[in-house]
Protein chains: 2
Amino acid sequence: MKKLIQYIALSTLAIGGFSHAQVVEDFKPSSVNQPGKEYPQVNSERRVRVQILAPDAKYVQLDIGAVKYDLVKDENGVWTGESAPQDEGFHYYQLNIDGASVPDPGSLYFYGASRWGSGIEIPAHDQDFYALKNVPHGQVREHIYFSKTDNSMRRCFIYTPPCYNKDQNKRYPVLYLQHGGGENETGWSSQGRANLIMDNLIAEGKANPFIIVMDNGTWRMPERPQTAPGAERPRGAWPPAGWADGFMNVLTKDIIPMIDENYRTIANQQNRAMAGLSMGAMQTRVITLANSDLFSHVGMFSGGSISVEDVEKNPQFLKNVKVLFLSFGSKEVESGRYNLGSDPKSNVEELNKRGLKTHYYVSPGTDHEWQTWRRSLYQFAPLLFKN
Amino acid sequence: MKKLIQYIALSTLAIGGFSHAQVVEDFKPSSVNQPGKEYPQVNSERRVRVQILAPDAKYVQLDIGAVKYDLVKDENGVWTGESAPQDEGFHYYQLNIDGASVPDPGSLYFYGASRWGSGIEIPAHDQDFYALKNVPHGQVREHIYFSKTDNSMRRCFIYTPPCYNKDQNKRYPVLYLQHGGGENETGWSSQGRANLIMDNLIAEGKANPFIIVMDNGTWRMPERPQTAPGAERPRGAWPPAGWADGFMNVLTKDIIPMIDENYRTIANQQNRAMAGLSMGAMQTRVITLANSDLFSHVGMFSGGSISVEDVEKNPQFLKNVKVLFLSFGSKEVESGRYNLGSDPKSNVEELNKRGLKTHYYVSPGTDHEWQTWRRSLYQFAPLLFKN
């Protein structure tokens, strides 16, 4: 991806002012624009075009995918410009106006990269699975509660399936679903579209209905251990095993009992799952290895693996866990990032050999980004609670 | 308010570069900042101070309360500046960077003035009534549905009181609560804090628990009738009586039946209320005058009055409606805006004389803004459903 961007950036530079001639002029407003806003836009090449009035600015840039693209000013003080083609799906971005990094006033805002900021949706070939359709819809509920462990008021979001309000006697399994680093409890039901993915899966009969709990797993990471300059960092030493303890304690001591008290759950291990993306996957690993008496189904999206050593050290995990699901974006696999040093596919084969029913999914053409995680949930959900 | 600002602006100009000497240096981060952000801040004079890195900008301004305040740049390219004192409560604002109007990357974002943008909270002497406390909390649910009348997928937010999930047999009255012009279905439970106001009132035993439905009442207003230049605009001709029909049809034909089907409501006129702020108050007037068989309690916040003529033309309204509540900010009353030409207090007296039990509330020291409306809900809610 980076190479491609560099190549395009260089070739654009090479032809100077004619760069616009390369761009296919079929831009349409992004589906996550603010009401009535014409910009940002996306074209069939998956380029992002932004536009903003800034009559007295020296320069304006579009900052997306860790690349800054210069905009061009017209006689009315309106700046316009576009990016290289982006991956399908959702991306965070921002504008840079004379050195100030600010949200684009045309877009909706999403929490990621440790800030509320602009997001854009690149139409995907498979976007139907997370589209808003006229099917029965579940609800996403903001749930405020006091955590004794954390000694603070906290907030989570709860997805209840479409049928939840119909039969007041029916009880449901629960998936605890975590966001990534720099994100929060809003991510999965906003840019993640977890509710729409579930509504569509349930409408098609492809997944059993269950409750999803999305809480805030942001926890202070310990400092990386200091090593002498040039020395190799000790493998597996960071993040340390105890890192997820803060959220683990809140989850097991406060959140799960609170959910079982307030919702019609089936409150047992067979009907409880945990999954997460990136940092949330690493938390899922630590928390479910330590608590396989609580969780029967485990999903890790773009956040490493359960290793053969993990399973050997935790035989009860092998005994208790019915389904393990591991996934990555294909560009993550290609680049070798985020799999913590081991080849994920051969690891999956080893786990299956040892009797841990492990599913492996690679999202085609995507990186460490929300399209990978939407697809991961879409693949994971139908595997859950098939009793 | 405008006069005060002009006076301060002039006096600040008069003493030139010494304007900072006037400012009390006890600024604290706003309570609605993004996590970890130090700016924007508010001081004990209720001034707003913003700060942003913009090393290459020619000028940066804070745009709040329809006044633009110049920021000053330091040697690191960081711009800082503050506003004149603001009213207590919540305000929308934005930054202007070399002519570009953008959200402040330090604040949370709220929908108002027809855009998602920055908001700030000026601590109020009475902020306790909408504070987040360790009391039982209700939920705010995002509810997606298909509207046959509007032929589209729509979304509303539903507040269910803290006890709603406890006793599955108990049924509740419903308040339909509308936002103002340029706002949407998120306003009341975000900047309006309707859920926290209700949680606190219920915890103190001051209000009966009820469900609140917050939908999107944004509807295209017809053009104002053209009048000859200089000619007086015909009184009462705008907005025309039919203006609220779009939302009225969706509310009465789709939303109310959908709510009564999906929630444990007491589905009758005695247990159904409607209220709104500004445009939402004007919609409440039109909709409840035409449908007093559906609503028994009516609240209009900063959006005119039910007139004696209204009541005379609609005798069934007088017969059916148990409580009418009218409110304004004191600065609205002083300026004479938003009461559509009649003195609200004498109008209230006339209505009471005719047998319509009408309450009148004036929020001290506030204008056409959310603090007025938070206080209005706080005053209105205890009057509801006292059967």
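Of the residues making up the stretch B:122-165, those that are within 18 Å of residue B:252 (Cβ to Cβ) and open to solvent by less than 10 Å² (accessible area, probe 1.4 Å) are B:147, B:156, B:158. Return a yes/no flag: does the stretch B:43-62 have any residue that is among the aliphatic types (A, V, I, L, M), open to solvent by 50 Å² or more (accessible area, probe 1.4 Å) and farther than 25 Å from residue A:33 by Cα. For the stretch B:43-62, residues among the aliphatic types (A, V, I, L, M), open to solvent by 50 Å² or more (accessible area, probe 1.4 Å) and farther than 25 Å from residue A:33 by Cα: present. When residue A:218 is tested against (1) under 19 Å from the mean Cα position of the chain (by Cα); (2) closer than 25 Å to residue A:366 by Cβ; (3) at pLDDT 95 or above, exactly one condition is not met: (3). Listed by position, the helices (runs of 4 or more DSSP H) enclosed by the stretch B:273-387 that each have at least 1 residues that are of a type in the set (Ser, Thr, Tyr) and surrounded by 21 or more Cβ atoms within 10 Å (Cβ to Cβ) are B:279-290, B:370-380. If the condition is being among the basic types (Lys, Arg) and over 22 Å from the mean Cα position of the chain (by Cα), then the stretch B:30-67 contributes B:37, B:49, B:58. Let me confirm something: among A:260, A:245, A:254, which residue is of a type in the set (D, E, K, R) and either under 15 Å from the mean Cα position of the chain (by Cα) or modelled with pLDDT under 95 (or both)? Result of the check over A:260, A:245, A:254: A:245. Scanning the stretch B:166-206 for residues that are surrounded by fewer than 23 Cβ atoms within 10 Å (Cβ to Cβ), more than 14 Å from chain A (Cβ to nearest Cβ) and farther than 20 Å from residue A:165 by Cα yields B:201, B:204, B:205, B:206. Within the stretch A:278-334, which residues are farther than 15 Å from residue A:361 by Cα, aromatic (Phe, Trp, Tyr) and in contact with a strand residue (DSSP E or B) (Cβ under 6 Å, 6 or more places away or on another chain)? Scanning the stretch A:278-334 gives a single hit, A:295. For residue B:317, are the conditions met, namely being within 28 Å of residue B:250 (Cβ to Cβ) and more than 24 Å from the chain's Cα centre (by Cα)? Taking the combined requirement at face value, the residue satisfies it. With respect to residue B:70, is the statement that it is more than 30 Å from residue A:147 (Cβ to Cβ), surrounded by fewer than 19 Cβ atoms within 10 Å (Cβ to Cβ), within 14 Å of chain A (Cβ to nearest Cβ) and over 26 Å from the mean Cα position of the chain (by Cα) true? Answer is yes for this residue. Restricting attention to the stretch B:10-34, the residues that are at pLDDT 95 or above and open to solvent by 80 Å² or more (accessible area, probe 1.4 Å) add up to 3.
Being under 21 Å from residue A:385 (Cα atoms) and either at pLDDT below 95 or assigned to a strand (DSSP E or B) (or both) is the requirement here; does residue A:175 meet it? Yes: the conditions hold for residue A:175. For the stretch B:40-65, which residues satisfy the criterion of being polar (S, T, N, Q) and more than 12 Å from chain A (Cβ to nearest Cβ)? Of everything in the stretch B:40-65, those that are polar (S, T, N, Q) and more than 12 Å from chain A (Cβ to nearest Cβ) turn out to be B:41, B:43, B:44. Residues in the stretch A:73-98 that are under 23 Å from the mean Cα position of the chain (by Cα) and of a type in the set (Asp, Glu): A:87, A:88.
The values are calculated or read from the model by the stated rules, or taken from the named source; none is laboratory data. None of the values given here were measured: they were computed from a predicted structure. Positions of Cβ are generated from backbone atoms using ideal geometry, with glycine treated the same way; all protein chains shown enter the neighbour counts. For the accessible areas, the whole protein counts, side chains as well, though only heavy atoms, and no ligand, DNA or RNA atoms are used. Shrake-Rupley method; radii C 1.70, N 1.55, O 1.52, S 1.80 Å.
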